[in-house]
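Let me begin by presenting the structure, written as structure tokens, before commenting on it.
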Amino acid sequence: MVEILRTHPLEAWSEAFAGLPDSVGVTVEPYVATVDVRLGDPAAWPEADLPTVPNTWVPTESGYAAWLGPDEWLLTSAEEASEELEARVRAAVVPLGGSAADVSAQRIILRLTGERVRDVLARGCSIDLHPRVFGHGKSAQTTLGQAGIVLLALSDAGDDYLVFVRSSFAGYLADWLLDAALEFTST
């Protein structure tokens, strides 16, 4: 059996990210299993804690559940393999008329932290990121620069976010973030 080594699309940007100041931290998160769930009535799956309020996310035992639409959620797991997560979720939702699809290879995750990270995001994101509006537990499908993203707010201070971006846009977004953070590298 041949072992396939997985490399991260942003491996080449690690050094540049490490050179950013603490006020604008960008780190590449490890790969996680990710499943897209479609289910007409989330209450029909009582053992799952799916957010029912638009543009929110909730923590799960091993990841996140983010609301993507009235009948769509993005589930992540840092502990299960993608095939295991998909099989478990599929077994639960298909009898309820739902579906589950492994989308683990579709997106990568960046963590943005620091007191100026909201300023960096505001340069290319059209949603209101003020913590009163987009605080802990909020999520949005939006654009950053010209890349489609899913954004999760991890704090009420506007200093901790997860950015899910398609792997094919990862290099573009990494360059965009480095450029947008440039003015904060001397402060």
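Okay, here's what the table says:
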read-out	value
Residue count for segment 23-46, restricted to those that are under 17 Å from residue 91 (Cβ atoms), assigned to a strand (DSSP E or B) and not aliphatic (A, V, I, L, M)	2
Long-range neighbours under 6 Å by Cβ, at least six apart or interchain, first residue over 15 Å from residue 55 (Cβ atoms) within segment 134-158, second modelled with pLDDT of 95 or more and in a strand (DSSP E or B)	147/165
Output for segment 159-172, where each listed residue is farther than 14 Å from residue 25 by Cβ, assigned to a strand (DSSP E or B) and either without any contact (Cβ under 8 Å) to a residue 60 or more places away in the chain or among the β-branched types (Val, Ile, Thr) (or both)	165
Subset of segment 74-114 [free of Cβ contacts under 8 Å to residues at least 40 places away in the same chain and within 14 Å of residue 47 (Cβ to Cβ)]	88, 91, 95
Residue ID - most open to solvent (accessible area, probe 1.4 Å), chosen from residues in segment 47-59 that are part of a loop (DSSP other than H, G, I, E, B) and touching a Ser or Thr at 6+ places or on another chain (Cβ under 7 Å)	49
Residues (open to solvent by 10 Å² or more (accessible area, probe 1.4 Å), over 10 Å from residue 36 (Cα atoms) and assigned to a strand (DSSP E or B)) located in segment 68-109	107, 109
Tally of residues being over 17 Å from the mean Cα position of the chain (by Cα) and either more than 18 Å from residue 68 (Cα to Cα) or charged (D, E, K, R) (or both) across segment 98-113	0
Which listed residue, of 144, 121, is open to solvent by less than 10 Å² (accessible area, probe 1.4 Å), within 16 Å of the chain's Cα centre (by Cα), under 19 Å from residue 66 (Cα atoms) and of a type in the set (A, V, I, L, M, F, W, C)	144
Check on residue 177, in contact with a strand residue (DSSP E or B) (Cβ under 6 Å, 6 or more places away or on another chain) and open to solvent by less than 10 Å² (accessible area, probe 1.4 Å)	yes
Residue 152 being more than 18 Å from residue 34 (Cα to Cα), open to solvent by less than 70 Å² (accessible area, probe 1.4 Å) and of a type outside the set (Phe, Trp, Tyr)	no
Criterion: part of a loop (DSSP other than H, G, I, E, B) and on the phi < 0 side of the Ramachandran plot - qualifying residue of 128, 119, 175	128
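The values are calculated or read from the model by the stated rules, or taken from the named source; none is laboratory data. What you are looking at is a predicted structure, and each value in this text was computed from that prediction instead of being measured. Backbone-built Cβ (ideal geometry, glycine too); neighbour counts: all protein chains shown. Accessible surface areas use protein heavy atoms only, side chains included; no ligands, DNA or RNA. Shrake-Rupley method; radii C 1.70, N 1.55, O 1.52, S 1.80 Å.
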